[in-house]
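Each remark here refers to the structure printed beneath this line.
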Amino acid sequence: MLVLLPPSETKSDGGTGAPLDVSALAFPKLEAVREQLVEAVVELAADPAASRKALGLGAHADAEIARNAVLRTSPTRPALERYTGVLYDALDAGSLTKAQRAKAYARLAIGSALFGAVRAGDPIPAYRLSGGTKLPGLPTLSAVWRDHLGPALQEAAAGELVIDLRSGTYQQLGRVPGAVTASVLTEYPDGSRTVVSHFNKHHKGLLTRALVLTRAEPTDIRGVARVASKAGLRIETASPTELLVIT
C-alpha cells in the first residue's frame, strides 16, 4: 500500500539532519529534474523581487525567500515532520510509536513541487514552491514533471494499491492510473453536500492516520473503506476508485 499525500505551504523550520542530498531521496529516477529545480529555486532567491512575483509572495516574505536561498546548505528533517498544517495535525505523527513511525515511512509518500514526491522519512529542507508556480526560464511544473513523476510512482508501487490523497494540482504533476482517491464532503441538514477546505484536509489526515495504524494491507477500495470505517469515519463508495468521506 502506498498512500500519496499533498504537501503543505507551511513547513517547520530547522532540523538536525545533514544538508540536502538529492541523490539520497526516494524515487531516484527523479534526481535530474530535482537538481534542475533546486538550482532554479536557489538562483531565483538571489532576486527577492523576482522571487515574490514568481512564487506569489507578499511584500513581507523575506523569510520564505531566505529558505530557498539556502536550500543546499540548511539542515534537513524527515518529510513527515517538515510539512505542517491541518492534514498533518490530524495525522499527528508526533504521537506515533517507533513501530508506527516505521509503518508511516513505509506506507506514506508526499507530493512536492520541488522534489516530485518524497517518502515520509526522506530528509528534506524547508522550502517554498507551489505546484502552480511558473519558474523563470522553465515550463510549468506540470510540464516539467509529467513525463517523469507518474512513471516513477507507478514503478515504485508496482503490485501495490495506491491511495492518492493529493490535491488536483499535485495529481497533475504525475498521475497514477487506477489509484483510489478520496473526496471529503460536508453534509448539511437539508441533505446537500459540499467541499469545505478545512474539513477536507482534516479528514484526509484522519484517513491517513487510520491507514498508517492498521494491521491490514488493503488491496482494493473495499479494504480501504473497511479500515476507514473501523477508525470511525463515515464512508461511501462513489465508484470503483473513489471513496467519499462524509462529515
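The values are calculated or read from the model by the stated rules, or taken from the named source; none is laboratory data. Bear in mind that the values here come from a model prediction, so they are computed numbers and not experimental data. Cβ placement follows ideal geometry from the backbone for every residue including glycine, while neighbour counts extend to all protein chains displayed. Please note that ligands, DNA and RNA were not included when accessible areas were found on the heavy atoms of the full protein model with its side chains. Shrake-Rupley method; radii C 1.70, N 1.55, O 1.52, S 1.80 Å.
Could you list, in sequence order, the residues of segment 120-148 that are surrounded by fewer than 24 Cβ atoms within 10 Å (Cβ to Cβ), in contact with a strand residue (DSSP E or B) (Cβ under 6 Å, 6 or more places away or on another chain) and in a helix (DSSP H, G or I)?
Passing the criteria: none in range.
Looking at (1) closer than 17 Å to Ala90 by Cβ; (2) part of a loop (DSSP other than H, G, I, E, B); (3) open to solvent by 20 Å² or more (accessible area, probe 1.4 Å), which one does Glu217 not meet, given that it meets all the others?
With (1) closer than 17 Å to Ala90 by Cβ; (2) part of a loop (DSSP other than H, G, I, E, B); (3) open to solvent by 20 Å² or more (accessible area, probe 1.4 Å) applied to Glu217, the lone miss is (1).
Restricting the search to segment 37-51, which residues are surrounded by fewer than 18 Cβ atoms within 10 Å (Cβ to Cβ) and in contact (Cβ under 8 Å) with a residue 12 or more places away in the chain?
Val42, Ala46, Pro48, Ala50
Of everything in segment 220-240 that's touching a residue at least 40 places away in the same chain (Cβ under 8 Å) and not hydrophobic (A, V, I, L, M, F, W, C), which residue is surrounded by the most Cβ atoms within 10 Å (Cβ to Cβ)?
Gly223
Can you find, within segment 92-119, the residue that is farthest from Leu4 (Cα to Cα) among those that are open to solvent by 10 Å² or more (accessible area, probe 1.4 Å) and in a loop (DSSP other than H, G, I, E, B)?
Only one residue fits best here, namely Thr97.
In segment 177-203, what residues are open to solvent by 20 Å² or more (accessible area, probe 1.4 Å), closer than 27 Å to Phe27 by Cβ and out of contact with any Ser or Thr (no Cβ under 7 Å at 6 or more places or on another chain)?
Pro177, Ser183, Asn200, Lys201
Identify, from the list Thr16, Thr84, Thr73, Thr10, the residue that is of a type outside the set (Asp, Glu), open to solvent by 10 Å² or more (accessible area, probe 1.4 Å) and modelled with pLDDT under 95.
Thr10
Need pairs with beta-carbon distance below 6 Å; first residue in a loop (DSSP other than H, G, I, E, B) and within segment 15-28, second open to solvent by 70 Å² or more (accessible area, probe 1.4 Å); sequence gap 6+ or separate chains.
Pro19/Thr73; Leu20/Arg72
Which condition breaks for Gly56 when tested against (1) touching a strand residue (DSSP E or B) at 6+ places or on another chain (Cβ under 9 Å); (2) open to solvent by 40 Å² or more (accessible area, probe 1.4 Å); (3) small (Gly, Ala, Ser)?
With (1) touching a strand residue (DSSP E or B) at 6+ places or on another chain (Cβ under 9 Å); (2) open to solvent by 40 Å² or more (accessible area, probe 1.4 Å); (3) small (Gly, Ala, Ser) applied to Gly56, the lone miss is (1).
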